[in-house]
Amino acid sequence: MKVKIKQWNGVASWLWVANDENCGICRMSFNGCCPDCKVPGDDCPLVWGQCSHCFHMHCILKWLNSQQVQQQCPMCRQEWKFKE
Amino acid sequence: VFLRGSVVLDMMMMDSLPAAWDSVTSALVSSNSCLQMSPMSSCTLSEEALSEALDLLSGHSLAQCVEGWLLETMQVRLTAAVAPEFWAGLEQPENEVEERDRARVLLRAFRTLLVRLEPFLGGLERLGTWQEEGRGGLSGPGSRGLRERALSVIRAVLLFSPPAVLQDRVLEFYSRTFAVHMSREGETEGETEERAHPSDGGLCSGCAVPVEECWCQEALEQLEELSHILSRLQLLERVSSEAVTNILHRLIEQRMEQRCRGEYENSFLSDFQEWLEHVLGWLSRVFVSEAGGSSVRAALGSPTGQPGNTVLQRWRCHMHQFFCRIYVNMRIEELFSIIRDFPESKPAIEDLKFCLERTNQRQQLLTSLKSAFETRLLHPGVHTSDIITVYISAIKALRELDPSMVILQVACQPIRKYLRTREDTVRQIVASLTGDTEGCSDLANELSRTDPVTLETQDSEDEGSEQWGWFDTPDPVRSCSKRRSSDIISLLVSIYGSKEIFIDEYRTVLADRLLHQLNYNTAREIRNVELLKLRFGESHMHYCEVMLKDVADSRRINANIREEESRLPEEEQPPLALSAMILSSEFWPTLKEEKLELPPLASKAMEVYTHRYEKLKAMRTLSWKPHLGSVTLDIELEDRTLTNLSVSPIHAAIILHFQDKSSWSLEELSTVLGVPQEMVRRKLTLWQQQGVLREEAGGRYTVVETCASRERPERSVLLIDSDEEGDSNTTTQSEQREEKLQLFWAYIQAMLTNLETMTLERIHSMLRMFVATGPVVTEMDVNELQAFLQKKVRDHQLIVSGGVYRLPKSSH
């Protein structure tokens, strides 16, 4: 017997490769989106800091904009630098 | 008589009181015949004598007794002779063979009655005139008053307890004359029904005897005479009303049975209106003399004006009332069918609306309709979609019938209540909303009517409670104060009280559909979501929009990856054409989790695909749901080929394993697939049905490479969809509910730890109070909670005694 697969339609769900489930700022799931967004994924990406913490991009930007003096990671209080 | 008169005169001269009495009384009793038989002069002569006799009597204050005497005499005569004679005349067995004879007997009896009573009536008339003129110092009620008194005596004596025979006869006679009248009217009006009659054996359509013996004319004349007599004796009302009422009732009923029953697509109002006018013609014959008598009364200054007309007017009202009532009765009986046939039955609904406004039968209608729903619709034998279809028809029909929506609200309440108990209600509604099921397409049409609807108008709370007194007095004030939406979709959605459930269910249906077709063609779903957005608002449909976007994104990613692969050299081409539906897991309903180890061919392909995806989307990866999806494959066997089978991944996985090794035991398969044996066995049946595999002794399955022609399976079914256990990829509603309830378990445990014991109601209200998270708690009713707690009791996680729950000691 020979089985010839013509087409395999699989189902998968995507997820961020992150070391946490939820965004430390908005407490929403990374795989969802920040409170201001409607669509997850490309439209509401994650960013990582050099301290290895990650957040929704929109969340951390909002946080950084609200910081007057020094820009720190909200989790570890180290100076926030985007990871390249 | 004349001679006697002169003798009386002499005797009166001699101051003889008894003689005067005699002369007066005999003049009264026989005055009628006197007036008729003797020339005018003789009468005037005796007039004078009478005057003197009267004077004499009044001189002895006896004149007032004359009145009493006359009435008394009449009553005695009536009781002793006239009434028995009348009844005897009516019952003449030897003359009752033919209907025609019976009619004659009836008339003759009344004729005799009139002749016997006429003298008294004449006498009273005379006495009355005297009284009015004040002759001989007489005073009294006058001729009209005397007449009334005498006639009431007659009615009392004669009809105090009439034998049934009278009503029978009158009824028969009236029916006949009615038929005659209608047949004559029918001829002039050219009604087909009555005209059809002469063809059948030459019977007259009026009197139903051979034409040559027709006594139609006679009957009409008899009717006229009878009516005159009855009217003269003022017996018309007493004798005829009942018969006439009966006849009208019966005939309207008959006609309605013949014409309207089961016939909902025509309006009958104008038809009946016309017919009733004919009937009125007959009534005017029955009550004709009364109309004639009116001239006499009018001359006497009767304030009633034209009594004949008022009598007819009254009968016209009666008749319309009869008609409406009978019509409403019939339609109430049929209302369920009428609703089922709506909108074809619209004319019937309109007729019913017209008549219902004139009869006070809304309550009856409600009761009957409700019980019709309960017996014919709301039982386990009826498919949910059928119930919904009838409900939709009922909404449409009843809002036509009663724009105030009270009937709709009350009558359909059992349907709503019942639908709430069916698990697949929401799914059915959603399915028909999106045009999936045949038959319910009007709901899809309804959806595309673009009037944004405000929901939440009906709170399910007070619908459930019946103590509102709705059923005794539909209170229009209260019913209007609540906003009563007649929008079909709102009504359906509000069955469950909240649109969240509804939208959740839609999401599930949508997920199912998208995961089943896997062809990325979402035009229809996009349209539906847009329409639902108009209904429920943008924010509620947000998740569905993300789902649809996932589909579009997946298609793009697939195309991307395909293109990349096509640029690879020949030898690196992937062995398996894999495409993926990539979901944003947060936005899809919970998918069933099943384990399945795919054969290396497939898992390798998925790995490769994941790599390419990771390259495409930085920092993201894929988590495959191996059991979901579909596989199209060909199977080549030694003597045959099965092409384009569309199966689920687990089927594909199984058959791929058989490619490497042609014989497997259930256990081996179970291990290699990571799936319970029971499941494997179920999945194997598909291949057995296809004739590809065979179960051999010892529980091993082997490939059937060559099959004898007799074993060759029917090849008509090529596309095998999912398998026997429902094809939903998502968890069912009840599973989800179970999960939600499980959430409460922690709360319940905590409460019981603190409070030791609690009743069911207490737990429920505490949960309500503390766990205020969205719709979950409000939708959980006490019964559900009880069932949940009982399950816990069975699992020994809870103890119930004396109606209170507490935790078992060990768990402390």
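Among A:3, A:39, which is the only one that is within 29 Å of residue B:558 (Cα to Cα), in a strand (DSSP E or B), β-branched (Val, Ile, Thr) and at pLDDT 85 or above?
Answer to the check: A:3.
Scan segment B:632-653 for residues that are facing another protein chain (nearest Cβ under 10 Å) and β-branched (Val, Ile, Thr) and report the count.
Number satisfying all stated conditions: 4.
Going through segment B:566-595 one residue at a time, which ones are surrounded by fewer than 18 Cβ atoms within 10 Å (Cβ to Cβ), more than 7 Å from chain A (Cβ to nearest Cβ) and in a loop (DSSP other than H, G, I, E, B)?
B:567, B:568, B:569, B:573, B:574, B:575, B:590, B:592, B:593, B:594, B:595
Within segment B:640-648, is there a residue that is under 20 Å from residue B:573 (Cβ atoms) and either buried (at least 20 other Cβ atoms within 10 Å of the Cβ) or in contact (Cβ under 8 Å) with a residue 40 or more places away in the chain (or both)?
Scanning segment B:640-648, I find no residue that is under 20 Å from residue B:573 (Cβ atoms) and either buried (at least 20 other Cβ atoms within 10 Å of the Cβ) or in contact (Cβ under 8 Å) with a residue 40 or more places away in the chain (or both), so the answer is no.
Any residue in segment B:509-523 that is on the phi > 0 side of the Ramachandran plot, surrounded by fewer than 19 Cβ atoms within 10 Å (Cβ to Cβ), more than 13 Å from chain A (Cβ to nearest Cβ) and not in a helix (DSSP H, G or I)?
no
Is it the case, given these coordinates, that residue B:164 is modelled with pLDDT of 65 or more, crowded, with 16+ Cβ neighbours inside 10 Å, small (Gly, Ala, Ser) and on the phi < 0 side of the Ramachandran plot? Full working, then the answer.
Working: modelled with pLDDT of 65 or more: yes; crowded, with 16+ Cβ neighbours inside 10 Å: no; small (Gly, Ala, Ser): yes; on the phi < 0 side of the Ramachandran plot: yes.
No, not satisfied.
Restricting the search to segment B:540-565, which residues are basic (Lys, Arg) and within 7 Å of chain A (Cβ to nearest Cβ)?
Step one: filter segment B:540-565 for residues basic (Lys, Arg), giving B:549, B:555-556, B:562.
If the condition is that a residue be basic (Lys, Arg) and within 7 Å of chain A (Cβ to nearest Cβ), then B:549 is the only one that fits.
Quick check: anything in segment B:616-631 within 13 Å of chain A (Cβ to nearest Cβ), touching a strand residue (DSSP E or B) at 6+ places or on another chain (Cβ under 9 Å) and not in a strand (DSSP E or B)?
Looking for residues that are within 13 Å of chain A (Cβ to nearest Cβ), touching a strand residue (DSSP E or B) at 6+ places or on another chain (Cβ under 9 Å) and not in a strand (DSSP E or B), one finds at least one in segment B:616-631, hence yes.
If residue B:656 passes every condition in (1) away from chain A (no Cβ under 13 Å); (2) part of a helix (DSSP H, G or I); (3) buried (at least 16 other Cβ atoms within 10 Å of the Cβ); (4) not aromatic (Phe, Trp, Tyr) but one, which one does it miss?
Here residue B:656 clears every test but (1).
The rows are residues; the columns are (1) out of contact with any Lys or Arg (no Cβ under 7 Å at 6 or more places or on another chain); (2) surrounded by fewer than 18 Cβ atoms within 10 Å (Cβ to Cβ); (3) within 30 Å of residue B:692 (Cβ to Cβ); (4) of a type outside the set (A, V, I, L, M, F, W, C).
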| site | (1), (2), (3), (4) |
| --- | --- |
| A:24 | yes, yes, no, yes |
| A:28 | yes, no, no, no |
| A:31 | yes, no, no, yes |
| A:82 | yes, yes, no, no |
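Can you find even one residue in segment A:5-23 that is within 13 Å of chain B (Cβ to nearest Cβ), among the aromatic types (Phe, Trp, Tyr) and without any contact (Cβ under 8 Å) to a residue 24 or more places away in the chain?
Yes, the conditions are met somewhere in segment A:5-23.
When only residues in segment B:673-707 that are of a type in the set (S, T, N, Q) and in contact with a Pro (Cβ under 8 Å, 6 or more places away or on another chain) count, which is farthest from residue B:635 (Cα to Cα)?
Only one residue fits best here, namely B:689.
Scanning segment B:736-785 for residues that are at pLDDT below 65 and part of a helix (DSSP H, G or I), which turns out nearest to the chain's Cα centre (by Cα)?
If we take residues in segment B:736-785 being at pLDDT below 65 and part of a helix (DSSP H, G or I), then B:779 is nearest to the chain's Cα centre (by Cα).
Looking at A:59, A:26, which one is modelled with pLDDT of 85 or more, in a loop (DSSP other than H, G, I, E, B) and more than 8 Å from chain B (Cβ to nearest Cβ)? Even if it seems obvious, please write down each step before you answer.
Numbers: A:59 fails: in a loop (DSSP other than H, G, I, E, B).
When all the criteria are applied, what remains is A:26.
Does segment B:105-119 contain any residue that is closer than 27 Å to residue B:18 by Cβ, over 60 Å from the mean Cα position of the chain (by Cα), crowded, with 17+ Cβ neighbours inside 10 Å and modelled with pLDDT of 75 or more?
Yes, segment B:105-119 has at least one match.
Determine the pairs where a residue that is facing chain B (nearest Cβ under 7 Å), located within segment A:31-47, has a partner that is part of a loop (DSSP other than H, G, I, E, B) and among the hydroxyl-bearing types (Ser, Thr, Tyr) with Cβ atoms under 6 Å apart, the partner being 6 or more residues away or on another chain.
A:40/B:584
The values are calculated or read from the model by the stated rules, or taken from the named source; none is laboratory data. Keep in mind it's a predicted model, so treat the numbers as computed, not measured. Here the Cβ is made from the backbone with ideal geometry for all residues, glycine too, and neighbour counts use every protein chain on show.
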